[in-house]
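All of the numbers you see were taken from the coordinates with simple rules; none came from a lab. Keep in mind the model is a prediction, meaning the values are calculated, not measured. Here Cβ is always computed from backbone atoms with ideal geometry, including for glycine, and neighbour counts include all displayed protein chains.
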Amino acid sequence: MSIAAVTSLFAPAGRNYVLVKVVTSDGLVGYGDATLNGRELAVVTVIDEYLRGLLVGEDEANIEYLWRKIYQGTYWQGGPVLMTALAGVDMALWDIKGKRAGLPLWSLLGGRARERALAYVHVHGRDRDELIARSREKLASGFRAIRFSFDSVDPRYPELVYTQAHQDVSAGWIERADGDPPGAWDSRTYVSELPGIAHAMREALGSSVGLIHDVHSRITASESVRVAKELEPAGLFFLEDPAPHHDLDALATIRSQSTTPVAVGELYFELDGVCELVRRRLVDFVRVDISHFGGITPMVKLAHLAEAFHVQTAFHGPGDISPPAHAVLAHLALTVANFGIQEMVEDRAAWSGVFSTSVTVEDGFITVGDTPGLGVDVDEAAVRGAHYVKASLPTLRDAMGAVHPW
Ligand code: GCO
Ligand code: MG
């Protein structure tokens, strides 16, 4: 059989989701996620103007060949825009392969390594008390691991509030429209508050809860060393992005100074780039993003590579990638030997009416049903004619008005 059509599909469901839809000559349909937060239309252009021509008429079964044709065959390779478009195509082709075989992705990938997989969600509080109260609610609803973040009020200028990046769905998204004022940031206030809050969380929530915190590379390497050391008694599941993903020396220093587990990866877009991080065991958990890393084909290779170096997976699962991507993450979570934990930022209320999925999250664990392929269906009629409303991550500025790394 061959590929008859490839199109981008704008499928908003609470957020600006972009899908790749592939249709075969005998009418099978595959969907993949190709959402790049705030840069969605750049990816749409790549899919419709550049990738379609490389795919139509080809045998849809040869995923590795088609992946290489797009990645290496066109000279321009890598980067978030191209790799997101490629990821969408790759997921759609695996979806079709599963549908043709009558098998769910987890079965195509070798079958289950476990019955269910541990998930974590985001919890944000405006202060310590609210954070603990909201965490208790999440735990009561079944979750066993949470990624916590909080607002810090500047002790000298109380009108300045520093908000950490978060995707606590019930606290609202942080994306803003063009021209909205920038956010403010002060690392000293944050670094002085973080350990105390982590210890208070541990004391209030008990020893068995998985506690995760994302630094988002907002502080210096020496600040990170201090934080990682001070966090040791809180026993974090992991500390995320304590240094920029490409600063391997800083990551090596942090690991040599502290036993706090570390996770990095959402800003790697290519297998080649992330190898060194894994080979040198600079992280306990690798967390590349299925939709920005080229899809299932390279993710499986990375998972196996990491297994050989005793690094576990904690793949990026934010709310800004769509249900087909979350479904792939769930299938991988069941199958890879070195699975660690899975971030699951879902907005099921917003998804309903557009997406249906065979993934369930119950009691803090992910399971997936037997529906062939990714197990995600899209009601295209529900999004036909939908308008794109531009929204991006806000910029941050420090007290001097300089741009601060997001
Ligand atoms: C995370 C991430 C996200 C990112 C977002 C950017 O670990 O979940 O850091 O929240 O900020 O995906 O678009
Ligand atoms: Mg992160």
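Using DSSP, restrict attention to beta bridges with both residues in the chain and report what percent are antiparallel, rounded to the nearest 5.
Of those bridges, close to 55 percent are antiparallel.
Give me, ordered by chain and number, the residues 5 or more places off A184 or on other chains with an amide H under 5 Å from its own placed amide H.
The list, which skips near neighbours in sequence, is T163, R397.
Quick one: what do you get for segment 182-242 if you divide its Cα Rg by 2.2 N^0.38 Å?
Its radius of gyration relative to the 2.2 N^0.38 Å reference: 1.12.
List the equivalent ellipsoid semi-axes of segment 254-295 in whole Å, largest first, each obtained as the square root of 5λ for an eigenvalue λ of the Cα gyration tensor.
With the √(5λ) rule applied to segment 254-295, the semi-axes are 21, 11, 6 Å.
Please compute the Cα-Cα pair-distance distribution of segment 264-318 with 5 Å bins starting at 0, giving whole percents from short to long.
5, 23, 40, 25, 7, 0
From the mean inverse distance of alpha carbon pairs (Kirkwood) and the Cα radius of gyration, derive Rg over Rh for segment 196-316.
That ratio equals 0.98.
Net charge near T360, counting Lys/Arg +1 and Asp/Glu -1 over other residues with Cβ under 13 Å of its Cβ?
Once all neighbours under 13 Å are counted, the net charge is -3.
What percentage of all Cα-Cα pairs in segment 45-108 are separated by more than 12 Å?
Of all Cα-Cα distances in segment 45-108, 69 percent exceed 12 Å.
With Cβ to Cβ distances under 10 Å as the rule, what net charge do the other residues near A200 carry (K, R +1; D, E -1)?
Every neighbour counted, the sum reads 0.
Between segment 347-406 and segment 28-54, what is the C-alpha centre distance in whole Å?
Centre-to-centre (Cα) distance: 16 Å.
Order the peptides 116-129, 371-384 from the highest to the lowest mean number of other Cβ atoms within 10 Å of their residues.
116-129, 371-384
Quantify how much of the Cα-Cα distance distribution of segment 11-166 extends past 20 Å, in percent.
65 percent
Step through the residues of segment 75-89 one at a time and calculate ³J(HN,Hα) from phi using the Karplus curve (6.51 cos²θ - 1.76 cosθ + 1.60, θ = phi - 60°), rounding each to whole Hz and writing x for Gly and Pro.
Karplus-based 3J(HN,Hα) across segment 75-89 equals 6, 7, 10, x, x, x, 5, 5, 6, 5, 4, 5, 4, x, 5 Hz.
A 20 angstrom limit on the alpha carbon distance is what I want to check against. Which of K138/K229; K21/K301; K69/K390; K21/K99; K21/K97 exceed it?
Among K138/K229; K21/K301; K69/K390; K21/K99; K21/K97, the Cα-Cα distance tops 20 Å for K138/K229; K21/K301; K69/K390.
Of the peptides 51-60, 171-180, how do they stack up when ordered by the mean number of other Cβ atoms within 10 Å, highest first?
Top to bottom by mean Cβ count within 10 Å: 51-60, 171-180.
According to a simple spin-label model (label point 7 Å from Cα along Cα-to-Cβ), what is the distance in nm between A350 and V389?
Reported label-point gap for V389 and A350 is 1.0 nm.
I'd like to know how segment 87-135 sits against the 2.2 N^0.38 Å rule of thumb: what's its Cα Rg over that expected value?
Compared with the compact-globule rule of thumb, segment 87-135 sits at 1.94.
Can you tell me the Rg and the Dmax, both Å, for the Cα atoms in the chain?
My reading of the Cα-based Rg and Dmax gives 20.8, 67 Å.
What translational diffusion coefficient, to the nearest whole µm²/s, does segment 303-373 have by Stokes-Einstein, given a Kirkwood radius computed over alpha-carbon pairs, a temperature of 4 °C and 1.567 mPa s viscosity?
Rounded, D is 100 µm²/s.
Could you rank the peptides 90-101, 6-17, 342-353 by their average count of other C-beta atoms within 10 Å per residue, with the highest value first?
90-101, 6-17, 342-353
Is the shape of segment 1-93 rounded, prolate or oblate, going by the alpha carbon gyration tensor and its root eigenvalues a ≥ b ≥ c, with a/c under 1.5 for rounded and a/b larger than b/c for prolate?
oblate
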